[in-house]
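Note sheet for the following structure.
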Amino acid sequence: VLMSKVKVHIQYCGGWGKYNWLSFRPVVSPLCRFPQSKGFLITRFLFIFVWLIDHVWNKIGYAKQYRGLKSWLEAQPTISGYIHIVPEEDKGTTGNFEVRIGDDRQLIHSKRTAGQGRAESAKERMMIAEFIQEYLDSNVL
């Protein structure tokens, strides 16, 4: 019997999303009116600094944790053939790291609302895999 895969939605904080140096203008807005001003240079410096932190050291946002959980779930032989992982990157610094399953998007893991982590530990990942297996057993298999 051919059946479609169950969607596992992983929503994670994407940091500052699309980078735009103008987003830093409120920090130095009185000084940013002209490209020759000191505020304009400070704004550009802040933008470059944040971009470096995020892209070089990968410290802003939870993309690294998302990729780790995704690859771990795909390596689990009991569930990997039955799930399709859907990334949902938040724009902005939300602090979210949530895992939902199915079309009804049942919440099975949440850093923000349930006080759980970013699914970095083996214990958290096993709990997520168990919830997914239970969902598959009751709804698909």
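The values are calculated or read from the model by the stated rules, or taken from the named source; none is laboratory data. These numbers come from a predicted model, not from an experiment. Note that we place each Cβ from the backbone using ideal geometry, even for glycine, and neighbour counts take in every protein chain shown. Please note that ligands, DNA and RNA were not included when accessible areas were found on the heavy atoms of the full protein model with its side chains. Shrake-Rupley method; radii C 1.70, N 1.55, O 1.52, S 1.80 Å.
Could you tell me which of the residues Glu88, Glu98 is open to solvent by 30 Å² or more (accessible area, probe 1.4 Å), within 17 Å of Cys13 (Cβ to Cβ) and in contact (Cβ under 8 Å) with a residue 24 or more places away in the chain?
That would be Glu88, the only listed residue that is open to solvent by 30 Å² or more (accessible area, probe 1.4 Å), within 17 Å of Cys13 (Cβ to Cβ) and in contact (Cβ under 8 Å) with a residue 24 or more places away in the chain.
Test Ser80 against the stated conditions and say whether it is within 24 Å of Glu130 (Cα to Cα) and at pLDDT below 80.
No: the conditions fail for Ser80.
Checking Met126 against (1) modelled with pLDDT of 85 or more; (2) touching a strand residue (DSSP E or B) at 6+ places or on another chain (Cβ under 7 Å); (3) not in a loop (DSSP other than H, G, I, E, B), which single condition isn't satisfied?
Here Met126 clears every test but (2).
Give the number of residues within the stretch 44-69 that are surrounded by 16 or more Cβ atoms within 10 Å (Cβ to Cβ), of a type outside the set (S, T, N, Q), modelled with pLDDT of 75 or more and in a helix (DSSP H, G or I). Write out each step before concluding.
Going residue by residue through the stretch 44-69, those that are surrounded by 16 or more Cβ atoms within 10 Å (Cβ to Cβ) are 46-47, 50, 54, 60-63, 65-66, 69.
After this cut, where a residue has to be of a type outside the set (S, T, N, Q) as well, the list is 46-47, 50, 54, 60-63, 66, 69.
Then drop every residue that is not modelled with pLDDT of 75 or more, which leaves 62-63, 66, 69.
Narrowing the set further to residues that are in a helix (DSSP H, G or I) leaves 63, 66, 69.
Qualifying residue count for the region: 3.
Keeping to the stretch 110-123, report how many residues are under 16 Å from Leu73 (Cβ atoms), of a type outside the set (A, V, I, L, M) and outside any loop (DSSP other than H, G, I, E, B).
So the count comes out to 1.
Can you work out which of the residues in the stretch 103-117 that are touching a residue at least 24 places away in the same chain (Cβ under 8 Å) and open to solvent by 80 Å² or more (accessible area, probe 1.4 Å) is farthest from Phe131 (Cα to Cα)?
Asp103
Conditions first: (1) closer than 25 Å to Lys5 by Cα; (2) open to solvent by 20 Å² or more (accessible area, probe 1.4 Å); (3) touching a Phe, Trp or Tyr at 6+ places or on another chain (Cβ under 7 Å). Thr93 passes all but one, so which condition is the exception?
Going through the list (1) closer than 25 Å to Lys5 by Cα; (2) open to solvent by 20 Å² or more (accessible area, probe 1.4 Å); (3) touching a Phe, Trp or Tyr at 6+ places or on another chain (Cβ under 7 Å), Thr93 breaks only (1).
Can you pull out the residues in the stretch 100-124 that are under 12 Å from Gln65 (Cα atoms), under 13 Å from the mean Cα position of the chain (by Cα) and not basic (Lys, Arg)?
Gly117, Ala119, Glu120
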